[in-house]
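Single-structure report; data block below.
Nothing in this text is a laboratory measurement; each read-out follows from the coordinates by a stated rule. A quick note: this is a predicted structure, and the numbers were derived from the prediction, not measured. Ideal geometry is used to build each Cβ from the backbone, glycine not excepted, and the neighbour counts take in all protein chains shown.
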Amino acid sequence: MEHLECCARLLRGTLVRAAVRRYLPWALAASMLVGSLLKELSPLPESYLSNKRNVLNVYFVKLAWAWTFCLLLPFIALTNYHLTGKAGLVLRRLSTLLVGTAIWYVCTALFSNIEHYTGSCYQSPSLERVRKEHQNKQQCHGGGGFWHGFDISGHSFLLTFCALMIVEEMAVLHEVKTDRSHCLHTAITSLVVALGCLTFIWVCMFLCTAVYFHNLTQKVFGTLFGLLSWYGTYGFWYLKAFSPGLPPQSSSLSLKQDSYKE
């Protein structure tokens with residue numbers, strides 16, 4: 001338990017800071033651009049992380065929203081109920097996960113449709129000979145072909161959105177004070193460590209996407225969708241009265257408004 005407490009304190013001192021919420025979006029955008037330029041001008045040698053079958057990609061990134069949803073659900077419920085004691089407010093705050101699910105679904109469906117309508121089936125990855133008999137990606141792959149279209153980076157979108165959402169929700173820890181002997185303290189501490197580790201995985205895999213996969217334009221659009229999804233909710237809509245609202249904090253609205261004005 002001591003190791004868990006130590007890890008949780010470290011994460012509180014980093015991810016929960018207002019400066020992290022303010023500068024992380026800029027850091028993600030900058031790292032995407034730098035990583036993409038590195039990929040184009042001086043590609044890194046192949047590594048375990050450049051293999052799409054690596055453990056982090058298969059078991060975490062491909063299920064990024066599921067992991068984020070499942071860990072934020074109890075975290076938001078426990079911390080918000082501990083601070084407010086009102087089930088109605090907790091349910092209202094939990095609706096942020098429904099909003100996030102809708103954003104994930106709409107954006108991924110949009111990306112898939114864009115790739116479909118801009119794509120064609122080719123004989124090989126070198127884009128030799130169009131196979132007109134296959135009219136969609138599924139038929140193309142089933143026939144041994146290679147579908148090439150404008151493939152907006154879903155990884156860049158989702159990892160950006162998930163990392164920023166977790167950091168926003170963890171801001172509530174500024175207000176949470178629990179008795180170390182209480183089971184609630186253990187539960188929240190465990191969730192803090194899990195969410196912190198998940199955030200570092202998302203950022204790490206975002207960097208891997210930047211230096212190993214997709215082209216610059218595809219990653220720019222993916223990251224832009226992630227940033228707009230975050231800002232449109234936490235930076236705009238959630239500041240309004242008719243919304244899921246921000247995590248409960250002392251003067252949260254004024255502090256939030258000030259941070260986005262800077």
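Taking R0 as 30 Å, what's the FRET efficiency between R17 and L91 from their Cβ-Cβ distance, rounded to 0.05? Let's see the in-between values first.
Working: r = 29 Å, r/R0 = 0.95.
Calculated value: 0.55.
Would segment 150-243 count as rounded, prolate or oblate if I go by the C-alpha gyration tensor, calling it rounded below 1.5 in a/c and otherwise prolate when a/b exceeds b/c, oblate otherwise? Cα axes put segment 150-243 in the oblate bin.
Going by a ≥ b ≥ c, the root eigenvalues of the Cα gyration tensor, does segment 30-77 fall in the rounded group (a/c under 1.5), the prolate group (a/b larger than b/c) or the oblate group?
The shape class here is oblate.
Label separation (N54 vs H116): 3.2 nm, computed from points 7 Å beyond Cα along the C-beta direction.
Calculated mean residue ellipticity at 222 nm for the chain: -22500 deg cm²/dmol, from DSSP H runs with n ≥ 4 weighted as -39500 (n - 2.57), summed, divided by the residue count and rounded to 500.
The C-alpha radius of gyration of the chain, expressed as a fraction of 2.2 N^0.38 Å, stands at 1.12. Taking only the Cα atoms of segment 1-63, the ratio Rg/Rh comes out at 1.11, with Rh defined as the Kirkwood radius.
Amide H contacts of W147: Y122, each under 5 Å away and 5 or more positions distant or on a separate chain (H built 1.01 Å from N in the peptide plane; Pro and chain starts excluded).
Karplus-based coupling profile of segment 46-63, in residue order and whole Hz: 4, 8, 4, 6, 7, 8, 4, 8, 5, 4, 4, 6, 6, 9, 10, 4, 5, 10, with θ = phi - 60° in 6.51 cos²θ - 1.76 cosθ + 1.60 and x standing for Gly or Pro.
Summing charges over all other residues whose Cβ lies under 13 Å from the Cβ of Q139, with Lys and Arg as +1 and Asp and Glu as -1, gives +2.
In segment 1-85, what GluC sites (Glu not before Pro) fall in a loop by DSSP, with at most 11 other Cβ atoms inside 10 Å?
E46
For segment 57-200, the share of alpha carbon pairs falling in successive 5 Å distance bins from zero is 2, 9, 15, 15, 14, 11, 9, 7, 6, 5, 4, 3, 1, 0 percent.
Can you give the longest run of the chain that contains no trypsin sites (Lys or Arg not before Pro) sitting in a DSSP loop with at most 13 other Cβ atoms inside 10 Å? Longest run free of exposed loop sites: 181-239. Absence of a disulfide-compatible partner, taken as no other cysteine beta carbon within less than 4.7 angstrom, is noted in the chain for C6, C7, C70, C107, C162, C183, C197, C204, C208.
Counting 0.36 nm for each residue step from S124 to C197 and taking away their Cα separation leaves a gain of 22.4 nm.
State which helices in the chain qualify, where a helix is a whole DSSP H run, it must extend 30 Å or more along its own axis by its Cα atoms, and its mean Kyte-Doolittle hydropathy must be at least 0.0. The qualifying helices are 18-41, 87-117, 183-212.
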